[in-house]
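Heads up, the thing below is written out as structure tokens.
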Amino acid sequence: MSMASFAYYRLPYADRYTVMVQTEGEPERLASCTGLNGRNGFVLAPFSVSSGCPVLLIHPDRVEERAVPEEEHIRTGHCTASRQAGGSASGVSGMDSDKAVYSKDFESCRSMLVSGEFSKIVLARSAGVETVDEMDAEGLFLRACRMYPRMFVVLVSTPQSGMWLAATPEILLESSCGTGRTVALAGTMKLDESQLGFDNPPSASVDDAASGIFWSTKNIKEQRYVATYISDVLKRFAGACREEGPRTVRAGNIVHLRSDFTFELADTSRIGSLLDILHPTPAVCGLPKTETYRHIVDHEHTDRRYYSGFMGPLCHDGATHLYVSLRCMQIVDGRHYRLYAGGGLLKDSVEEQEWCETEAKMETMLRLFDGSCL
């Protein structure tokens, strides 16, 4: 791939993907989401905007659509990080020290939850992976398209951000023809391995995965927090808002609770102002929003960068498809990667369970390396 800024993205259920390339100059840097008002292009926004991590807007001078090839025609490379018993990659660096740092962050968050200062906060972590042979980034993107048909799959690269790959289930904001859409996605359970066998691969239907799922009070409460927040924000910016759900949906090897919102969005020139209020949602931040956001920025050991921000085409051909940057990794080079994951904590959260949830979420990207997991 060239040094030009680019974005490859495949919308859920589509059999074609879009390539946007900016060959002249660098993407525009914006100091806040409000700078997106009245603009178009491909957006890459961080969790927390800073001079080092600005909102980036790619202005493509070349746009094309391509068909997603069959799996046997996708070239990624052959060798991957070996896997330990239990499904973790042995290439994930410093696991013991990572867990010790996570434990400190967990206790810091838990004290604020128990005291009642926070009702929910999202704790993130990252882990490094090193492969034996070089892997092809475009091939990994195409493999993700094949493995995760229900997710928004994107590969984006700019000089400012580096290269990122995501296969995310969470819509932040979609709009077309005056109608807007978003979701409240929270609550997580890993599917039983028996549900991930040959007869029920990651591409199996939602109903197949969701049958027999029973949700804990903690997960139900966490999802309700997110749904209530989104409903309150939409009342300020949109008309005729309708909520449906929650229902169980599948994202790779895990399931979530999801509520869908549709609403009128007549003035698309103010999308940036809506995004500025909506992002970050409690699904990646917490409640109360201002206090939990500040705690994450000041105390969380993980530098989230563009993880748990959002990305996607903005007002391209009259449509916007912005997704939260989850199930993602930064591609440092052809052999080095940094995976990111997080989970919502409530006062009754159990550290080991939350750690295992992040492990399950990281598997979405890890499965791309290991052909035996297809």
Selection within region 111-139 - among the acidic types (Asp, Glu) and in a strand (DSSP E or B): Glu130
Subset of region 97-136 that is among the hydroxyl-bearing types (Ser, Thr, Tyr) and closer than 25 Å to Ser325 by Cα - its residue that is surrounded by the fewest Cβ atoms within 10 Å (Cβ to Cβ): Ser103
Would you mention how many residues in region 307-349 are part of a loop (DSSP other than H, G, I, E, B), in contact (Cβ under 8 Å) with a residue 12 or more places away in the chain and under 30 Å from Ser269 (Cα atoms)? 8
The listed residue being among the β-branched types (Val, Ile, Thr) and at pLDDT below 95, out of Thr18, Thr34, Thr80: Thr80
Do we find that Val297 is in contact (Cβ under 8 Å) with a residue 40 or more places away in the chain, among the aliphatic types (A, V, I, L, M), surrounded by 24 or more Cβ atoms within 10 Å (Cβ to Cβ) and outside any strand (DSSP E or B) in this structure? no
Can you work out which of the residues in region 267-294 that are hydrophobic (A, V, I, L, M, F, W, C) and under 27 Å from Ser157 (Cα atoms) is surrounded by the fewest Cβ atoms within 10 Å (Cβ to Cβ)? Ile277
Please state which one of Arg335, Arg305, Arg367 is at pLDDT below 95 and surrounded by 19 or more Cβ atoms within 10 Å (Cβ to Cβ). Arg367
Given the structure, is Val43 in a loop (DSSP other than H, G, I, E, B) and of a type in the set (Val, Ile, Thr)? no
Select from region 140-157 the residues that are outside any strand (DSSP E or B) and of a type in the set (Ser, Thr, Tyr) and list them in ascending order. Tyr148
If you go through region 241-271 one residue at a time, how many are part of a helix (DSSP H, G or I) and modelled with pLDDT of 95 or more? 0
Go through Leu345, Leu326 for me and flag whichever is buried (at least 18 other Cβ atoms within 10 Å of the Cβ) and more than 19 Å from Val153 (Cα to Cα). Leu345
Do we find that Glu359 is surrounded by 16 or more Cβ atoms within 10 Å (Cβ to Cβ), in contact with a Leu (Cβ under 9 Å, 6 or more places away or on another chain), among the charged types (D, E, K, R) and part of a helix (DSSP H, G or I) in this structure? no
Determine the pairs where a residue that is on the phi > 0 side of the Ramachandran plot, located within region 50-77, has a partner that is modelled with pLDDT under 95 and among the hydrophobic types (A, V, I, L, M, F, W, C) with Cβ atoms under 6 Å apart, the partner being 6 or more residues away or on another chain. Gly77/Met135
Please name all residue pairs, on different chains or six or more residues apart, with Cβ atoms under 8 Å, provided the first residue is in region 237-248 and is under 7 Å from Phe263 (Cβ atoms) and the second residue is basic (Lys, Arg) and surrounded by fewer than 16 Cβ atoms within 10 Å (Cβ to Cβ). Cys241/Lys235
Is there any pair linking a residue in region 110-125 that is closer than 21 Å to Met362 by Cβ to one that is assigned to a strand (DSSP E or B) and aliphatic (A, V, I, L, M), with Cβ under 6 Å and at least six apart or on different chains, and which? Ile121/Leu345; Leu123/Leu345
Note on region 220-243: residues surrounded by fewer than 15 Cβ atoms within 10 Å (Cβ to Cβ), over 17 Å from Leu185 (Cα atoms) and not basic (Lys, Arg) are Gly239, Ala240
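The values are calculated or read from the model by the stated rules, or taken from the named source; none is laboratory data. From a predicted model like this one, the values you see are computed outputs, not experimental measurements. As a convention, Cβ positions derive from the backbone with ideal geometry for all residues, glycine included, and neighbour counts pool all protein chains shown.
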